[in-house]
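First the structure, in the form of structure tokens, and then the observations on it.
The values are calculated or read from the model by the stated rules, or taken from the named source; none is laboratory data. Note that the structure is predicted; figures quoted are calculated from it, not measured. FYI the Cβ positions are ideal-geometry reconstructions off the backbone, even for glycines, and counts take in every protein chain you see. Heavy atoms of the whole protein, side chains included, go into the accessibility calculation; ligands, DNA and RNA do not. Shrake-Rupley method; radii C 1.70, N 1.55, O 1.52, S 1.80 Å.
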Amino acid sequence: MQILVVIVVVAAIAFIAWWFFGKHDQGQSQAQVKGNSQEARITVNGGYSPETVVLKQGVPAKLVFNRLDKSNCLKEVVFKDFGISEELPIKQDKVIEIDTSKAGEYTYACGMDMFHGKVVIK
Ligand SMILES: [Cu+2]
């Protein structure tokens, strides 16, 4: 019985440690570079996943959004810094091209500025 308690406690600690210090793929991902272009997929479902996409500077980039969330809130995606505002169809790939000529961190949001994601160009 005692050994069982120890196992449960160790598992709980391991889970908490993973939660705080582990690398979550939810958080950040690097776009895949293929030849002279790069692509990253973003799932829209109660927010943007991954929240942050890292792009290589100078390589033309495509962000492929796929919205699973039916709420009106996430219908529109707005990249203020790039002057982009697009509607995302449900369960369909929507490609948004990003100009990667300037390094920096650029946030984007839903049409109501409630959910946020980030593009890092470096
Ligand atoms: Cu919204």
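Out of the total accessible area of the stretch 26-122 (probe 1.4 Å, heavy atoms of protein only), what percent is carbon and sulfur?
44 percent
Nearest 0.05, what FRET efficiency do Lys56 and Lys80 give at R0 = 22 Å with Cβ-Cβ as r?
On the way: r = 22 Å, r/R0 = 1.00.
Between Lys56 and Lys80 the formula returns 0.50.
If the reach is capped at under 19 angstrom between alpha carbons, list the aspartates and glutamates near Lys70, excluding any in the same chain fewer than eight residues apart.
Excluding near neighbours in sequence, the set is Glu51, Glu86, Glu87, Asp93, Asp113.
Which aspartates and glutamates have a Cα lying under 14 Å from the Cα of Lys102, excluding residues fewer than 8 positions away in the same chain?
Result set, ordered by chain and number: Asp81.
Given Cα positions, please report Rg to Rh for the stretch 25-121, the hydrodynamic radius being the Kirkwood one.
Radius of gyration over Kirkwood radius for the stretch 25-121 works out to 0.93.
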